[in-house]
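The values are calculated or read from the model by the stated rules, or taken from the named source; none is laboratory data. Model, not experiment: these values are computed from the prediction. Methodologically, a virtual Cβ is constructed for each residue, glycine included, from the backbone with ideal geometry; neighbour enumeration extends over all protein chains shown. When the accessible area is computed, the model is the full protein with side chains, heavy atoms only, and any ligands, DNA or RNA have been set aside. Shrake-Rupley method; radii C 1.70, N 1.55, O 1.52, S 1.80 Å.
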Amino acid sequence: MNTKNPIMVKDTKLTLEHFDVLRSFGISRVLIESKTQGQSEEESVDKVTEIKLTPEVEKLVNQSSPPKSRTLESLYDETVESYQKEFLSYRSGKKVDVATIRSIALPVIQAFLENKEYVRRLNEFSTIHNYLAHHSISVGILAALISEQMGYPKGQVLQIGIAGVLADSGMSKIDSKIIDKVAFLTSEEMNEVKKHVIHSFQMIQDSSLVRQEMKVAILQHHERFDGSGYPRGLKGQDISEISQILSVADVYHAMASERPYRQKESSFKVIELMREEEFGKFDMKVIEVLHNLINKLSIGTKVKLTTDEIAEVIYLHRDVPLRPIVKVLGSDAQIDLSANRKITIKKIF
């Protein structure tokens, strides 16, 4: 040890900043106890989580941020800030420098690939301010995670991540008054927004650093299996799988993030909407991969409901895995979420 005194006293409420202190003392693994707020000592939900920073992630974070800013969240914030500067330069006519985008985005993408459990917090990092930059970086992270889980090789995973970051670069060519509008868009304004996929494609089509299948995916990332998408109204197998990965990542993050014209939805609600209300528009195997990354449930999982009650999963329905039967902690009450559609899971512990 580098000190004879305690680094932190027992019952310290940990924040991400505390991990910087631990690292400075050469501590890369620590056990933490998490207790749900609003519960009595007897009713609290305790969970011990082991935080492990792999050497690759530690190296990436050290290279990509100053010594006082080594948490994953701060790396994410710095990445968004750097991308925002690039995005604003596109509005002024600067060409997309893919090499620069790679240097900005790859460290945070790799860090999330090494720390997949943090993907559940990704939408907490996003803010209304500079939303498009948050969205672009988050779509890149999600697309990389999804493609890795689907078995794509490492080089292709990183390419897909960069394609996710670049997919909405064409938004820089849309009038900012339309992008920043709080009210619903008119049909004319919506038609302008739909042009962003063409702008994005044109902005990277001459780059040798982006593979052709990624360029196609960027152009197609708003196409839908049922033909309701744009710009060409393609259907089914005419849409590439990589396009569908970008589509799912794009829609998930947009719906789970706070926007000027609506509140964000919980990740459970978003995936449920994509599975049910948007059924037929997306490749279901991609949605299932995202679900398993973010919200996979098992018997005994502790969850928070939209009623703010804490419950434990006691039975999983095969056809509706996001709506299990749960037992409310501290009572004998059981709720079948497949029958009670007014209540959903807000988060898992």
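Looking only at residues in segment 196-225 that are more than 24 Å from GLY93 (Cβ to Cβ) and of a type in the set (S, T, N, Q), which one is most open to solvent (accessible area, probe 1.4 Å)?
GLN212
Which of the residues that make up segment 205-237 are under 13 Å from GLN159 (Cβ atoms), of a type in the set (A, V, I, L, M, F, W, C) and assigned to a helix (DSSP H, G or I)?
Just the residues of segment 205-237 that are under 13 Å from GLN159 (Cβ atoms), to begin with: 207-218.
Subset that is of a type in the set (A, V, I, L, M, F, W, C): 209-210, 214, 216-218.
Listed by number, the residues that qualify are MET214, VAL216, ALA217, ILE218.
Could we say that ALA143 is within 13 Å of the chain's Cα centre (by Cα) and either surrounded by 13 or more Cβ atoms within 10 Å (Cβ to Cβ) or not charged (D, E, K, R) (or both) here? Can you show your working first?
Working: within 13 Å of the chain's Cα centre (by Cα): yes; either surrounded by 13 or more Cβ atoms within 10 Å (Cβ to Cβ) or not charged (D, E, K, R) (or both): yes.
In short, yes.
For segment 136-145, does any single residue satisfy the condition of being touching a residue at least 12 places away in the same chain (Cβ under 8 Å), closer than 21 Å to GLN244 by Cα and polar (S, T, N, Q)? Let's see the steps before the verdict.
Of all residues in segment 136-145, those touching a residue at least 12 places away in the same chain (Cβ under 8 Å) come to 136-145.
Now restrict to residues that are closer than 21 Å to GLN244 by Cα: 136-145.
This time we only want the ones that are polar (S, T, N, Q), so: 136, 138.
So far as segment 136-145 goes, yes, one or more of its residues are touching a residue at least 12 places away in the same chain (Cβ under 8 Å), closer than 21 Å to GLN244 by Cα and polar (S, T, N, Q).
If I ask for residues that are at pLDDT 90 or above and either of a type in the set (Phe, Trp, Tyr) or closer than 16 Å to ILE299 by Cβ (or both), which ones from segment 329-349 would you list?
Correct list: LEU329, GLN334, ILE335, ASP336, LEU337, SER338.
Does segment 116-135 hold any residues that are within 19 Å of SER82 (Cα to Cα) and either open to solvent by less than 10 Å² (accessible area, probe 1.4 Å) or in contact (Cβ under 8 Å) with a residue 12 or more places away in the chain (or both), and which are they?
Passing the criteria: LEU122, ASN123, PHE125, SER126, THR127, ILE128, ASN130, TYR131, LEU132, ALA133, HIS134, HIS135.
PHE279 - would you say it is aromatic (Phe, Trp, Tyr) and free of Cβ contacts under 8 Å to residues at least 24 places away in the same chain? Let's see the steps before the verdict.
Values: aromatic (Phe, Trp, Tyr): yes; free of Cβ contacts under 8 Å to residues at least 24 places away in the same chain: yes.
Taking the combined requirement at face value, the residue satisfies it.
When you go through VAL216, VAL248, VAL193, VAL197 one by one, which is the residue that is over 19 Å from SER103 (Cα atoms) and free of Cβ contacts under 8 Å to residues at least 24 places away in the same chain? Reasoning before the result, please.
Details: VAL216 fails: free of Cβ contacts under 8 Å to residues at least 24 places away in the same chain; VAL248 fails: free of Cβ contacts under 8 Å to residues at least 24 places away in the same chain; VAL197 fails: free of Cβ contacts under 8 Å to residues at least 24 places away in the same chain.
Selected residue: VAL193, the only one of VAL216, VAL248, VAL193, VAL197 that is over 19 Å from SER103 (Cα atoms) and free of Cβ contacts under 8 Å to residues at least 24 places away in the same chain.
Of all residues being touching a residue at least 60 places away in the same chain (Cβ under 8 Å) and polar (S, T, N, Q) in segment 146-177, which is most open to solvent (accessible area, probe 1.4 Å)? Just the residue, please.
So, considering only residues that are touching a residue at least 60 places away in the same chain (Cβ under 8 Å) and polar (S, T, N, Q), the one most open to solvent (accessible area, probe 1.4 Å) is GLN149.
Check off (1) modelled with pLDDT under 95; (2) within 25 Å of LYS154 (Cβ to Cβ); (3) surrounded by fewer than 17 Cβ atoms within 10 Å (Cβ to Cβ) for VAL61 and give me the number that stays unchecked.
Only one criterion in (1) modelled with pLDDT under 95; (2) within 25 Å of LYS154 (Cβ to Cβ); (3) surrounded by fewer than 17 Cβ atoms within 10 Å (Cβ to Cβ) is unmet by VAL61, namely (3).
Of all the residues that make up segment 178-195, how many are of a type in the set (Phe, Trp, Tyr) and either surrounded by 15 or more Cβ atoms within 10 Å (Cβ to Cβ) or closer than 17 Å to ILE218 by Cα (or both)?
Narrowing segment 178-195 to residues of a type in the set (Phe, Trp, Tyr): 184.
Pick out the ones that are also either surrounded by 15 or more Cβ atoms within 10 Å (Cβ to Cβ) or closer than 17 Å to ILE218 by Cα (or both) and you get none.
Looking only at that region, the number is 0.
If GLU265 satisfies every condition in (1) closer than 26 Å to LEU219 by Cα; (2) of a type in the set (D, E, K, R); (3) without any contact (Cβ under 8 Å) to a residue 24 or more places away in the chain but one, which is the exception?
Here GLU265 clears every test but (1).
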